[in-house]
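The values are calculated or read from the model by the stated rules, or taken from the named source; none is laboratory data. Since the model is a prediction, treat every value here as computed from it, not as a measurement. No Cβ is skipped: glycine too gets one built from the backbone with ideal geometry, and neighbour counts run over all protein chains shown. Each accessible area value is taken on the protein alone, full model and side chains, heavy atoms only, with ligands, DNA and RNA left out. Shrake-Rupley method; radii C 1.70, N 1.55, O 1.52, S 1.80 Å.
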Amino acid sequence: MKILYSIILLILSNNAFGSGGPDSTRLTLKEVVAMAKDNSIAAKQAITTRETKYWQWRTFKSNYQPQLSLSGNLPGYSKTSTPVVQPDGTIVFQPIHYDNSSLTLNFSQSITGTGATIYGQTNLQRFDDFDRNSVLYNGVPYAIGFSQPLGQFNALKWDKKIQPLLFTVSKQAYIEEQEHISITVTGYFFDLLLAQVNLQTAEANLTNTAKILKIANLKFDLGKVSKNEILQLQLEQLNARKAVGTAKRDMEIATLNLRSYIGQEGDEKIVLQVPETISQMSVTADRVLAEAFANRSDAIAFMRRIAEAKRDVALAHGQTGLTATLTANIGTSNSAKNIPGIYRNAQTQQLVELQFSIPVLDWGRSKAKIKTAEANQKFTEYSVEQDKQTFKQQIVTQVSLFNVMKDQLALTAEADSIASEKYKIARERYVLGDLSITDLSIAFQENDQAKRDYVQSLRDFWSAYYQLRYLSLYDFEKNEKITYK
């Protein structure tokens, strides 16, 4: 018996897992998240969207800046024949040969408060009649004026209220997209981690089953175990080989998915490190709600939606009833045979014009437009209020889930430790003949399941953590708002 026991101890002595090897890359969860934010297609799409929104913002800002443009017709050469009606009603085709060139410099500035536009202009025109060898100049040395809508919708005023909200929403949406990348790549990370754990477990089980089968064969030769137990162990060994093959296939697929998402090239093996928990981090629903309403694009969009509804009401009022536009300008103009002559003794030109429109009979159309816009405003206010409640409930639920996951992780870690110890004891008891093959198989299955449960609990915890960051755009580890350059 002493010789048999020594052989058994020798068989069980070597049971260590292999490392990644020299041609492997070891990565942590945070490293994988950082790689995804730098290299993934989703990250590049988010950057492109952010740039597009930025240049849209710049376009909006330019609407409130002075505009200066130069237009012209250089040259305006023409040589053709044109029909000319004679006094008796007949038509004679007369040849014409001329050049009519012009340059105009325009200036304009919008006034946000009233919706008015101030403008200025200077113009120079030269006409060359080649048939008569004559040159004539015409020009507007200067002209200034303004155009003021009366009782109309002021788009500039409302854009100045809404566009900054839209731009802020786009900036926060970019941060949200980065955090959503964290959530997505966490799923790929744990898919691969679970596949690696399954492969390690399957290989260890195959090794242990082979060792136990050797021991059982020794005991069988001594008449200590039955043939049925040998067959059961042989079946366990076959199942373990199948599990190794399945685990290798799953790991290849998971590796490909992760490598593709994070944009990593190469064929070296990826070995993931089991992430640790953040045991010291504590979050409350009130804190997360406060940060979410300050940072999330959805929270800012609540204000934008209300502002847009009010804008639509103002638009309905501006398009109905009396609408008018007051236009006035003053300047000088002149014609001469040379350019200096245009600016000498120029004639004054003036214009004052009031254009208006009053609906006399519209069968209640104007009132219906206004009432429709007001009803839509109320509907939007109710919808925003409902969305706020949903927004709050989602955050409260996520905070509760995160705290549960943190507690659950501690329990599954303890269960994994107990199951591992139980399996070791069961294996030793079976070797000593103090445990049946059925009880050994149960301990074997419980150990495997406990390892998978622990990895799944880690996955649930980190998914809940990154979901919490996404919902609040706040880093509770560092106690600061999440920002990206």
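Data overview
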{"read-out": "Selected residue [touching a Leu at 6+ places or on another chain (Cβ under 9 Å), under 30 Å from F476 (Cβ atoms) and among the aromatic types (F, W, Y)] from Y174, Y188, Y137", "value": "Y188"}
{"read-out": "Tally, over region 199-219, of residues that are open to solvent by less than 40 Å² (accessible area, probe 1.4 Å) and touching a residue at least 24 places away in the same chain (Cβ under 8 Å)", "value": "13"}
{"read-out": "Matching option when the condition is closer than 23 Å to A155 by Cβ and either of a type outside the set (A, V, I, L, M, F, W, C) or touching a strand residue (DSSP E or B) at 6+ places or on another chain (Cβ under 8 Å) (or both), among T348, T323", "value": "T323"}
{"read-out": "Residue in region 300-319 that is of a type in the set (F, W, Y) and open to solvent by 30 Å² or more (accessible area, probe 1.4 Å) present", "value": "no"}
{"read-out": "Subset of region 109-160 that is small (G, A, S) and open to solvent by 40 Å² or more (accessible area, probe 1.4 Å) - its residue that is nearest to D312 (Cα to Cα)", "value": "A155"}
{"read-out": "Scan of region 351-382 for residues that are hydroxyl-bearing (S, T, Y) and either without any contact (Cβ under 8 Å) to a residue 60 or more places away in the chain or loosely packed, with under 15 Cβ neighbours inside 10 Å (or both), ordered by number", "value": "S357, S366, T372, Y382"}
{"read-out": "Region 267-295 residues that are closer than 22 Å to K406 by Cα and modelled with pLDDT of 85 or more, paired with ones that are open to solvent by 30 Å² or more (accessible area, probe 1.4 Å) and assigned to a helix (DSSP H, G or I) (beta carbon under 6 Å, 6 or more apart)", "value": "A285/V396"}
{"read-out": "Matching entry among L222, L256, L235 (being surrounded by fewer than 18 Cβ atoms within 10 Å (Cβ to Cβ), at pLDDT below 80 and either more than 29 Å from Q408 (Cα to Cα) or in contact with a strand residue (DSSP E or B) (Cβ under 9 Å, 6 or more places away or on another chain) (or both))", "value": "L222"}
{"read-out": "Search result, residues across region 16-53 that are exposed (fewer than 12 other Cβ atoms within 10 Å of the Cβ) and at pLDDT below 90", "value": "A16, F17, G18, S19, G21, P22, D23"}
{"read-out": "Of residues in region 469-485 being without any contact (Cβ under 8 Å) to a residue 24 or more places away in the chain and part of a strand (DSSP E or B), the one most open to solvent (accessible area, probe 1.4 Å)", "value": "E480"}
{"read-out": "Hits in region 422-438 (condition: open to solvent by 70 Å² or more (accessible area, probe 1.4 Å) and either at pLDDT below 75 or within 21 Å of T277 (Cβ to Cβ) (or both))", "value": "L432, D434, T438"}
{"read-out": "Matching entry among A285, A247, A243 (being open to solvent by less than 20 Å² (accessible area, probe 1.4 Å), among the small types (G, A, S) and in contact with a helix residue (DSSP H, G or I) (Cβ under 9 Å, 6 or more places away or on another chain))", "value": "A247"}
{"read-out": "Filter result for T59 (among the polar types (S, T, N, Q), modelled with pLDDT of 90 or more and more than 30 Å from K337 (Cα to Cα))", "value": "yes"}
{"read-out": "Strands (runs of 3 or more DSSP E) wholly inside region 52-111 containing at least 1 residues that are under 26 Å from A155 (Cβ atoms)", "value": "67-73, 91-110"}
